[in-house]
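Take a look at the structure below.
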Amino acid sequence: MNKQKAKWALVTGASSGFGVEFATILAEQGSNLVLVARRAEPMEKLAAELRSKHGIEVLVEAMDLGHAGVAMELKSYLDSRGIAIDTLINNAGFGVHGKFVERPLESTMAMLQLNMLTLTELTHVFAQDMVRRGGGEILMVASIGGYQATPTYAAYSATKAYVLLFGEALNTELKPHGVRVSVLCPGITATSFLEVSGQKMTPYQRVFMMQPRPVAEIGIRAMRRGTPSVVPGVANKVTIFSNRLSPRSVQSKVAYQLMKN
């Protein structure tokens, strides 16, 4: 087994969407994998395919990441297996669509827990190990929504703004310790995001939809280079750049119109 194959990558939200793509890309590059999500069956199927195609080790751990303390539970389990994580893909998360006061508070609070608090716990637990070992890499998945207030996705966009600023700050903090941190900020992508969030696809989303594989590849490349953050796709880059030229109140109104069903 070569040195690359001896490395381990942890991918959260690995049962669908970006998680599958991240896992596949890392397997192609020779990394062993720890796949974590609530649903075991799709991860087991993916694990069997990746073992067969790439000759790597894949550990599947079905667990709910949406509660406090889960990061230490996972870290303790991996320690007991003698697995040190060299690459952390903080991908697990979801959106809640609709007017804030009309949505159940429970679903919004669950989103805040997973998108921000669990991500923070996982990053702290595994980054400490990386710093001690003098190397590692972390990719966090945010959104172009993290760059602006987005009515009907008010709390979701706020969580992604947190992820964006948190990751960019850690890029500077951890770089002297040999740990690369990057934030991927995709726009609308052909995953189960809309279905889970409860939104019907809008004309804007239909036109600018990207496929998950190239977006995931952009994220992995940015992580390897230590790029603080990256926005995939020309249309998404134009959207973010145009925000610099308009008042924030205008940005919010435009976003509201684009997100309406």
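Taking every full run of DSSP H in the chain, the ones that stretch at least 27 Å from end to end by Cα along their long axis and average -1.0 or higher on the Kyte-Doolittle scale are 154-174.
Working note: Debye formula, equal point scatterers on the alpha-carbon atoms of the chain, no solvent; log10 I(q)/I(0) at q = 0.09, 0.13, 0.15 Å⁻¹ is -0.38, -0.81, -1.08. Heavy atoms of the protein chains alone define the surface here; on that basis the chain has 47 Å² accessible area per residue at 1.4 Å probe size. Helix content alone sets the calculated 222 nm mean residue ellipticity of the chain: runs of n ≥ 4 DSSP H residues at -39500 (n - 2.57) each, divided across all residues, give -15500 deg cm²/dmol. The packing ranking of peptides 137-144, 90-97, highest mean first, is 137-144, 90-97, where packing means the average number of other beta carbon atoms within 10 angstrom of each residue. Under a 5 Å amide H cut-off, with hydrogens placed 1.01 Å from N, T189 pairs with M210 among residues at least 5 apart or on other chains. Sorted largest first, the principal axis extents computed over the alpha-carbon atoms of the stretch 4-108 equal 49, 27, 21 Å. The packing ranking, built from the mean of other Cβ atoms within 10 Å per residue, places the peptides 220-226, 160-166, 11-17 in the order 11-17, 160-166, 220-226, highest first. With K and R counted +1 and D and E -1, the other residues having a Cβ less than 15 Å from that of I138 yield a net charge of +3. Once backbone amide H atoms are built at 1.01 Å from N, V96 has Y156 as its partners under 5 Å, excluding neighbours fewer than 5 places away on the same chain. Accessible surface of V196, taken over heavy atoms with a 1.4 Å probe and every protein chain present, rounds to 90 Å².
Highest mean packing first, where packing is the average number of other Cβ atoms within 10 Å per residue, the peptides 230-241, 181-192, 111-122 line up as 181-192, 111-122, 230-241.
Taking amide H as placed 1.01 Å from N in the peptide plane, S229 has its amide H under 5 Å from the amide H of V183, each at least 5 places away in sequence or on another chain. Applying the Karplus relation 6.51 cos²θ - 1.76 cosθ + 1.60 with θ = phi - 60° to the stretch 94-100 yields 3J(HN,Hα) values of 7, x, 10, 9, x, 5, 3 Hz, where x marks Gly and Pro.
The eigenvalues of the Cα gyration tensor, multiplied by 5 and square-rooted, give the stretch 72-184 an equivalent ellipsoid with semi-axes of 29, 17, 8 Å from largest to smallest. For the chain, the tally of Lys pairs with Cα-Cα distances below 23 Å comes to 25, considering only residues 8 or more apart or on different chains. Across all Cα pairs in the stretch 111-261, the calculated P(r) in 10 Å bins from zero up to the longest distance comes to 11, 39, 35, 13, 2 percent per bin.
The values are calculated or read from the model by the stated rules, or taken from the named source; none is laboratory data. It should be emphasised that the depicted structure is a prediction, and the values quoted were computed from it without experimental measurement. When we count neighbours, we look across all protein chains shown, and the Cβ atoms used for this are built from the backbone with ideal geometry, even at glycine. Accessible surface areas use protein heavy atoms only, side chains included; no ligands, DNA or RNA. Shrake-Rupley method; radii C 1.70, N 1.55, O 1.52, S 1.80 Å.
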